[in-house]
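The values are calculated or read from the model by the stated rules, or taken from the named source; none is laboratory data. Everything numeric in this text was worked out from a predicted model, so none of it was measured. Reconstructed Cβ throughout: ideal geometry from the backbone, glycine too, with neighbour counts over all protein chains shown.
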Amino acid sequence: MRGSIRVVVVGIALALVAAACSSNSSSGGSATEGQQGGTFSFYNGEPNHLIPQNDYESAGTQAFQGLWTRLVDFDPTTFKPVPAQADSIDVSSDGLTYTIKIKPGWTFHDGTPVTAQSYVDAWNYTAYGPNGYILNFFFDKIEGYDALNPSSGAGGAYQMLPSTYQGLGGKYGTANKAPKWEQDRLAAKLWAGGRGAGNWECAK
């Protein structure tokens, strides 16, 4: 039996994708304020989506890094995670429960305060199978995932039924357990098999 990861909301918020853009002065920073306002630009490809939970390619990731503050950043020299929006991340001794606190004062771009429920809602919306978000499968090891997905068992980036996935030669049991490259390969095989979109049987 595989264990389920549990993520505990503590304090203000829990974040899969840090969706806030500013914090108050208590969160640290240099004593000298930099220039405020203005614009900047950078070269990038065209993202598939501008919703972090529905994008799985580098152009989108680079855009998100410019738009939002993540839970952690990574030291460019050591590549180790360093706190960004997170104040602390504690992991239980069995590695199954993550308790995450974020620094106070975070807001969305429109000034709306970030709350724990903001992140709970974002996680649940992505994990809910009928919404068809491409990163749904990221949540399949988190406690409560099964309750948010169709009883048909359809899952993964393309919401394949287990019978379809296995019939195409899938090697991971169900599509939601397969790495994205495997899902892409089998979806392309299904599409090229003859009837295009007609090959998809929608989960009821």
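Of note:
- Selection within the stretch 117-139 - among the small types (Gly, Ala, Ser) and either surrounded by fewer than 16 Cβ atoms within 10 Å (Cβ to Cβ) or over 16 Å from the mean Cα position of the chain (by Cα) (or both): 132
- Boolean, residue 76 is surrounded by 14 or more Cβ atoms within 10 Å (Cβ to Cβ), more than 15 Å from the chain's Cα centre (by Cα) and not aromatic (Phe, Trp, Tyr): no
- Counting only residues that are modelled with pLDDT under 90 and part of a strand (DSSP E or B), the stretch 98-130 holds 6 of them.
- Filter pass, residue 191 being part of a helix (DSSP H, G or I), at pLDDT 85 or above and farther than 30 Å from residue 99 by Cα: no
- Residue within the stretch 161-176 that is surrounded by 15 or more Cβ atoms within 10 Å (Cβ to Cβ), farther than 23 Å from residue 69 by Cα and in contact (Cβ under 8 Å) with a residue 60 or more places away in the chain present: no
- Within the stretch 88-97, considering residues that are assigned to a loop (DSSP other than H, G, I, E, B) and not polar (S, T, N, Q), the one surrounded by the most Cβ atoms within 10 Å (Cβ to Cβ): 96
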